[in-house]
Amino acid sequence: AKEKRRAKVRRQIERLAPSPGDILLFYGPERGRSRLICWFTKSRFYHVGVYAGDGEVIEARMPRVVCRNLFNQLDGYRFIVIR
């Protein structure tokens, strides 16, 4: 399952070609809290981050701002890019 996720992220990054500083809007949540955010906000997007390059995204995750690797997450491989 982990390799499938990594392959999906890799395809998404290759297809959308984000550059460092681009905004990533995440959609299609798979987990409960993210689904609730979409339901309450009536939006298909549940999270936002700033692309840092090499599969890394900077984002607010309670209680602080973090840099996470998209290849190692359970959720968050479906996103659009805002340049």
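The values are calculated or read from the model by the stated rules, or taken from the named source; none is laboratory data. Because the structure is a prediction, the values reported are computed rather than measured. Positions of Cβ are backbone-derived with ideal geometry, glycine not excepted, and every protein chain shown enters the neighbour counts. The protein model used for the area step is the full one, side chains on, heavy atoms only, and it has no ligands, DNA or RNA in it. Shrake-Rupley method; radii C 1.70, N 1.55, O 1.52, S 1.80 Å.
Determine whether L36 is of a type in the set (A, V, I, L, M) and farther than 13 Å from R78 by Cβ. Taking the combined requirement at face value, the residue satisfies it. Can you find a residue in the range 60-77 that is open to solvent by 100 Å² or more (accessible area, probe 1.4 Å) and touching a Cys at 6+ places or on another chain (Cβ under 9 Å)? No, every residue in the range 60-77 fails to be open to solvent by 100 Å² or more (accessible area, probe 1.4 Å) and touching a Cys at 6+ places or on another chain (Cβ under 9 Å).
For the range 18-46, the set of residues classified as within 21 Å of K2 (Cα to Cα) and touching a residue at least 24 places away in the same chain (Cβ under 8 Å) consists of F26, Y27, G28, P29, E30, R31, S34, listed by residue number.
Here the strands (runs of 3 or more DSSP E) wholly within the chain that include at least 3 residues being at pLDDT 90 or above and small (G, A, S) are 45-53. Just one of (1) more than 13 Å from the chain's Cα centre (by Cα); (2) of a type in the set (D, E, K, R); (3) surrounded by 16 or more Cβ atoms within 10 Å (Cβ to Cβ) fails for R35. It is (3).
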